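The values are calculated or read from the model by the stated rules, or taken from the named source; none is laboratory data. Being a predicted model, the structure only gives us computed values, none of them experimental. Cβ placement follows ideal geometry from the backbone for every residue including glycine, while neighbour counts extend to all protein chains displayed.
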Amino acid sequence: MCNDKSTVDEIRARFDHDVERFSNLETGQTTVPDSRQMWELVADTAAVLHPNATSMLDIGCGAGNGCLYVLQQVPNMDVTLVDLSLPMLERAKHRVGEQTAGNIRTMQGDVRDLDLGGQQHDIIISGLALHHLRTAEQWQHVMHKVCQSLRPGGSFFLVDMFKFDEPAVQQLNWQRYGQYLMIHNDQAFRDKVYDYVQKEDTPFSVPFVGGVMMNVGFETVEILHKKWFFASLWARKS
Ligand SMILES: C[S@@+](CC[C@H](N)C(=O)[O-])C[C@H]1O[C@@H](n2cnc3c(N)ncnc32)[C@H](O)[C@@H]1O
């Protein structure tokens, strides 16, 4: 399955050379509609639920935008940064270090292989990274580790790309997303984004991911925000 998709090394290499595009907090990720609103809602929700949180983990942190949004509302947590890409991790460490008085730990590697520890974090976030998981088994494996790594009552916030299982609805949303990319840039940019999504990404559906979350021990799963393929989910560990 998925043999024609990018390898982990290819994904790492692409992100090694794309640090600047992920380093702007004002615009967020420009290929993701409502990126900034989604992260602000995640940050506000984290603050309401975990005002005294002391530890956060970011899976696929990129240059640290997600952490920076949450630290604006829940300050001075210790932060663990996970990413495949060393240049991304270095940029994230620098930017997050300017925002928190807490400790910063970095872990370079594939989240599928890393030991995320047990009951360590109040908050775990992941932005636009887990759509690189390839199979249902990998989702089960990674969600199990995420749930284990949270303290009781802790929250996981997933901002990501999903798919619709119904082909007609998938096609409709694909067209709407293409129009969005052309309005915000041009046709060549739309085609470039289409090409790397086809080559690199294997999104699963919101109901599938929510089901896996409930399976591994989360007691609540809610959609905070959704537009076309892009959604932010909140899951709370019991
Ligand atoms: C689209 S960027 C998003 C970065 C950041 N989360 C944000 O929202 O701005 C995805 C990041 O996930 C990382 N990534 C992709 N697959 C990963 C994996 N299996 N394990 C760890 N990191 C991964 C990439 O290296 C990249 O930095």
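Points to keep in mind about this one:
- Considering residues of the range 11-20 that are near the ligand (Cβ under 9 Å from one of its atoms) and surrounded by fewer than 19 Cβ atoms within 10 Å (Cβ to Cβ) only, the residue nearest to ASP195 (Cα to Cα): ARG14
- Within the range 179-238, the set of residues being surrounded by 14 or more Cβ atoms within 10 Å (Cβ to Cβ), among the basic types (Lys, Arg) and closer than 25 Å to GLU137 by Cβ comprises ARG236, LYS237.
- Residue count for the range 128-165, restricted to those that are within 12 Å of the ligand (Cβ to nearest atom), free of Cβ contacts under 8 Å to residues at least 60 places away in the same chain and either charged (D, E, K, R) or touching a Pro at 6+ places or on another chain (Cβ under 6 Å) (or both): 1
- Number of the exception - GLN148 against (1) surrounded by fewer than 14 Cβ atoms within 10 Å (Cβ to Cβ); (2) at pLDDT 95 or above: (1)
- Condition met for ALA168 (within 16 Å of the ligand (Cβ to nearest atom), at pLDDT 95 or above and not basic (Lys, Arg)): no
- Qualifying positions in the range 193-216 - touching a Phe, Trp or Tyr at 6+ places or on another chain (Cβ under 9 Å), closer than 26 Å to ASP18 by Cβ, assigned to a helix (DSSP H, G or I) and not β-branched (Val, Ile, Thr): TYR194
- Residue that is farthest from CYS61 (Cα to Cα), among those in the range 106-125 that are surrounded by 22 or more Cβ atoms within 10 Å (Cβ to Cβ) and under 16 Å from the mean Cα position of the chain (by Cα): ILE123
- Per-region count, the range 25-54, residues closer than 26 Å to ASP186 by Cα, more than 9 Å from the ligand (Cβ to nearest atom) and either in contact (Cβ under 8 Å) with a residue 24 or more places away in the chain or loosely packed, with under 15 Cβ neighbours inside 10 Å (or both): 8
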